[in-house]
Amino acid sequence: MKHATSIAALGLDIVDRVLATARQWKREPHRRHLEGKLLGMLFFNPSLRTRASFEAVMLRGGGAAIVLDAGNDTRKLEDRVGAVMDGDRPEHLKEAVPVLSRFVDALAVRTFAAGVDDDIDNADGILRAFEHYATVPVISMESAREHPCQGLADLLTIEEQFGAAKSLPVALTWAPHIKPLPKAVPNSFLLTAAARGCEVRVAHPPGFDLHPTVVAEAERYAAETGGSIRFTHDQAAAISGARVVYAKAWGPATRAALPPETVRQHGDWMISPEHMQGAATDAIFLHCLPVRRNVEVADAVLDKPWSRVIDEAENRFHVQRALLEWLLH
Amino acid sequence: MKHATSIAALGLDIVDRVLATARQWKREPHRRHLEGKLLGMLFFNPSLRTRASFEAVMLRGGGAAIVLDAGNDTRKLEDRVGAVMDGDRPEHLKEAVPVLSRFVDALAVRTFAAGVDDDIDNADGILRAFEHYATVPVISMESAREHPCQGLADLLTIEEQFGAAKSLPVALTWAPHIKPLPKAVPNSFLLTAAARGCEVRVAHPPGFDLHPTVVAEAERYAAETGGSIRFTHDQAAAISGARVVYAKAWGPATRAALPPETVRQHGDWMISPEHMQGAATDAIFLHCLPVRRNVEVADAVLDKPWSRVIDEAENRFHVQRALLEWLLH
Amino acid sequence: MKHATSIAALGLDIVDRVLATARQWKREPHRRHLEGKLLGMLFFNPSLRTRASFEAVMLRGGGAAIVLDAGNDTRKLEDRVGAVMDGDRPEHLKEAVPVLSRFVDALAVRTFAAGVDDDIDNADGILRAFEHYATVPVISMESAREHPCQGLADLLTIEEQFGAAKSLPVALTWAPHIKPLPKAVPNSFLLTAAARGCEVRVAHPPGFDLHPTVVAEAERYAAETGGSIRFTHDQAAAISGARVVYAKAWGPATRAALPPETVRQHGDWMISPEHMQGAATDAIFLHCLPVRRNVEVADAVLDKPWSRVIDEAENRFHVQRALLEWLLH
């Protein structure tokens, strides 16, 4: 069974194929390549881009989507194996996932990190349960560990701009926020950029390290593709000469190490035009959205021509279309 | 106007036709028999199987569904005739139902029992209002009194397994729960099993009787089909030799008779492998889902080959497809 | 870029064309004029008629809709320019609107008046932001100032009944309610009736004046079409001899001028059969729905043949179909 749940589940060849298809089809009229196909979409967390772009992929392709908000449209869902289910979650994934599998051709799921323990989030239990219980292909619309469609859209945007990502200096910089956010987006940008051979610089304040297994996986990809990865606490050094400045807020490596209010600190990490001046003259600015303006990124960065955040969001459509083409055929 | 709101509204001939169509079409490729048809779905209560399966029926058939959560997507809906509407329900079914009827080809509605008075629930006021005010066919996605699509799916599952349900010994057994649940599912299993001529045994603790009008209706069907119905407080006796063990939690006959916490009692009624040992050697286990594992039914029952709960859920799709074929043509 | 966001945005010629198309197409079978088209629908407020009728338009026409509840399905949306986004609204319309524009062929938005200041509501900031940031046509599903689809449906209903609206005496009468409601519906009825040349009489208690800019705009239309507008505090005088009685609750002109509880007063303004006796013998009764029965309007008005409220709601479908035909071609 094919699953589009992580870069590792896809493998570098499929990543290459998906990006090539996305780039080519973007220049052509919509094709009805998903005629008669049904996608079940289950959200444990809210969404705008993800929901709209996946529905658009299915509908433009001649198929359709069934959208369910877990815990709103449905009852709350239990995932603990062996649980005595006497609490507020009256349905188990052991039933919900195989039942939905009977009605649709593929299942898409969004589930965020709990944010209590990076090791637990990194294990991605709910997504693993979907892969295990589903009898149709599963596609991740973001999970605790990764957001593969976002990473692919990021790299499509970069490759459209610069032709190829190989050896391109790209800076992933931590940004301030009002609360600790999941690491799925920075993880996926790091993994996908490494998988495409970028020279990746990651900048964050002390205590905000990404998970060692993610870093190790990215380094394997870099070794295979000729890319490189460097971590630093010096934001200016990371951005210096970069062709891509990718900003994203994320939480500390462990809650024990840093109190939550820490994320409000480091206000000087907010991306401003001054930061952009340090990058290459043709640098573009990326962010996965939603972005808290003037907290993570200044208006004067987002509202300038170097910003490609809307194209980047549009590219969610194009990579997801290519992913579903691969997944359902 | 045809309505698919209860076994009585359908009649035994249509029940027969729907089950025959469902069984036959299940073996064939999807057909686009609902091309251009629109189903309006109005939920007063959450749903996973029902929502996904009805949408899948419409979309697979070439039609589409418009899904509305009453009180969330819409404002809250009033049903009391003559009400001075100065409370929290700003729209009356007298308007909502005929208006929706103008936009769609059929209306599907889910509304649960209030659970305060069995006589009131049994009268099924909201579903009656839909039948009365609608100008298109109405289909029940579960109401206070019945869940006809569930009963039909249950019997399709049984007839697929055993060829025919006539004279088949089937046990409907009450199960513990953390709160009093509606009786629509046990009512519908009883009515549909009787309508197909089963030898039905119903087991529940004292005080959890089903409503006399439901029992009387089921007995009329049994008399017509050569089936039989027996009620007992002895769970083991009901299960003994049964080919089907159907577990379901439901609330007491009257709230006055039994305090709510009673439903947490009778923990020994939770279906375990030991219970299944008393059934026939080829017995199958059914439950409408969602099921509270290790409260209603033990993991060791649900995770064994005798469990057909996923097939049973899939059969919701097949009987609903056949019902809509009948309803819309 | 075409926008269907107000009568002014349409202009009187398009109003004429839309009503003509709606009236003609209503008598013909559904046509698949929106094949392959996608409408994005974003709701800041709940809806039944609007949601169901717009989805039906798209689906009947061969297209489809993507429906998003802002703040539920999506995160809450910020609209203040230059805001430091450290509150409960993590996404700005500056991103949300252009991103959605990339996925769909047109954007429909519903956003209610805040009801704190009529000048602010009248400026219609959120709708203006949609027009500004969108890169596809925008259609209003009701905004703070207007509900153009409702006004068009109202006039279609009137013209179907009486052939033409020109010089027809129509009474728009304020009705009591349990809370102050937005003025979009009375505004749109006034504007559209004036745009079609009606002799409009508006009756409300002192302090419930409509906004001067709305009145001025309506008077310009009346001058152009040969219609007329008269305001009065005498409900009986307004209704006397009218061919159409249109009832609607709305809030005071300013919150400072009148305490909220005032809207519960004037109970004698509730439309009763006695009120209808004063109208022309062939008068029809209209209300946009939802209606609080026996608060705004008596059962004995709504349940009589003079009531056209269900036809009026159905006409939402017909005018929206014609609007989208114009907007997307």
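The values are calculated or read from the model by the stated rules, or taken from the named source; none is laboratory data. All figures in this text were calculated on a predicted structure; none of them were measured in a lab. Using ideal geometry, Cβ is built from the backbone for each residue, glycine included, and neighbour counts are taken over all protein chains shown.
What number of residues in the stretch A:31-58 are under 23 Å from A:PRO182 (Cβ atoms), part of a helix (DSSP H, G or I) and either basic (Lys, Arg) or out of contact with any strand residue (DSSP E or B) (no Cβ under 7 Å at 6 or more places or on another chain) (or both)?
3
Yes or no: C:ALA9 aliphatic (A, V, I, L, M) and more than 10 Å from every other protein chain (Cβ to nearest Cβ)?
Spelling it out, C:ALA9 is indeed aliphatic (A, V, I, L, M) and more than 10 Å from every other protein chain (Cβ to nearest Cβ).
Might you check whether a residue that is touching a strand residue (DSSP E or B) at 6+ places or on another chain (Cβ under 7 Å), surrounded by 17 or more Cβ atoms within 10 Å (Cβ to Cβ) and closer than 27 Å to A:PRO90 by Cα occurs anywhere in the stretch B:212-235?
yes
Which residue is surrounded by the fewest Cβ atoms within 10 Å (Cβ to Cβ), if the candidates are limited to the stretch C:132-161 and must be in contact with a strand residue (DSSP E or B) (Cβ under 8 Å, 6 or more places away or on another chain) and part of a helix (DSSP H, G or I)?
For the stretch C:132-161, the residue satisfying everything is C:GLN161.
So in the stretch C:97-131, with the set limited to residues that are within 21 Å of A:PHE317 (Cβ to Cβ), assigned to a helix (DSSP H, G or I) and within 23 Å of the chain's Cα centre (by Cα), which one is farthest from the other protein chains (Cβ to nearest Cβ)?
The qualifying residue farthest from the other protein chains (Cβ to nearest Cβ) is C:PHE130.
Take A:LEU93 and tell me if it is under 27 Å from A:ASN187 (Cα atoms) and surrounded by 22 or more Cβ atoms within 10 Å (Cβ to Cβ).
yes
Based on this model, can you work out whether C:ALA83 counts as surrounded by fewer than 22 Cβ atoms within 10 Å (Cβ to Cβ) and either among the hydrophobic types (A, V, I, L, M, F, W, C) or in contact with a His (Cβ under 6 Å, 6 or more places away or on another chain) (or both)?
It is true that C:ALA83 is surrounded by fewer than 22 Cβ atoms within 10 Å (Cβ to Cβ) and either among the hydrophobic types (A, V, I, L, M, F, W, C) or in contact with a His (Cβ under 6 Å, 6 or more places away or on another chain) (or both).
Only one residue in C:ASP73, C:ASP88 is farther than 18 Å from A:ALA300 by Cα, part of a loop (DSSP other than H, G, I, E, B), out of contact with any strand residue (DSSP E or B) (no Cβ under 6 Å at 6 or more places or on another chain) and at the interface with chain A (Cβ under 9 Å from one of its Cβ atoms), so which one is that?
C:ASP73
Let me spell it out: the conditions are (1) in contact (Cβ under 8 Å) with a residue 40 or more places away in the chain; (2) farther than 30 Å from C:HIS177 by Cα; (3) within 13 Å of chain C (Cβ to nearest Cβ), and B:ALA64 meets all of them except one. Which number is the exception?
Among (1) in contact (Cβ under 8 Å) with a residue 40 or more places away in the chain; (2) farther than 30 Å from C:HIS177 by Cα; (3) within 13 Å of chain C (Cβ to nearest Cβ), the lone unmet condition for B:ALA64 is (1).
Take B:GLU28 and decide whether it is more than 10 Å from chain C (Cβ to nearest Cβ), of a type in the set (Asp, Glu) and in a loop (DSSP other than H, G, I, E, B).
So B:GLU28 fits the description; yes.
Could you tell me how many of the residues in the stretch C:162-183 are part of a loop (DSSP other than H, G, I, E, B) and of a type in the set (A, V, I, L, M, F, W, C)?
6
Checking A:GLU261 against (1) surrounded by fewer than 24 Cβ atoms within 10 Å (Cβ to Cβ); (2) of a type in the set (D, E, K, R); (3) modelled with pLDDT of 95 or more, which single condition isn't satisfied?
(3)
Can you tell which of C:LYS179, C:LYS183 is touching a Pro at 6+ places or on another chain (Cβ under 8 Å), under 22 Å from C:ASP121 (Cα atoms) and charged (D, E, K, R)?
Every option except C:LYS179 fails the conditions.
Which residue pairs have Cβ atoms under 7 Å apart, sit 6 or more places apart or on different chains, and have a first residue in the stretch B:46-57 that is more than 18 Å from B:VAL185 (Cα to Cα) and more than 7 Å from chain A (Cβ to nearest Cβ) and a second that is buried (at least 24 other Cβ atoms within 10 Å of the Cβ) and of a type in the set (A, V, I, L, M)?
B:VAL57/B:LEU324
Which residues, taken from the stretch C:292-308, are within 8 Å of another protein chain (Cβ to nearest Cβ) and surrounded by fewer than 23 Cβ atoms within 10 Å (Cβ to Cβ)?
C:ASN294, C:VAL295, C:ASP299, C:ASP303
When C:LYS94 is evaluated against the numbered criteria (1) of a type in the set (D, E, K, R); (2) more than 30 Å from B:MET58 (Cβ to Cβ); (3) modelled with pLDDT of 95 or more; (4) in a loop (DSSP other than H, G, I, E, B), which criterion, by number, is the only one it fails?
(4)
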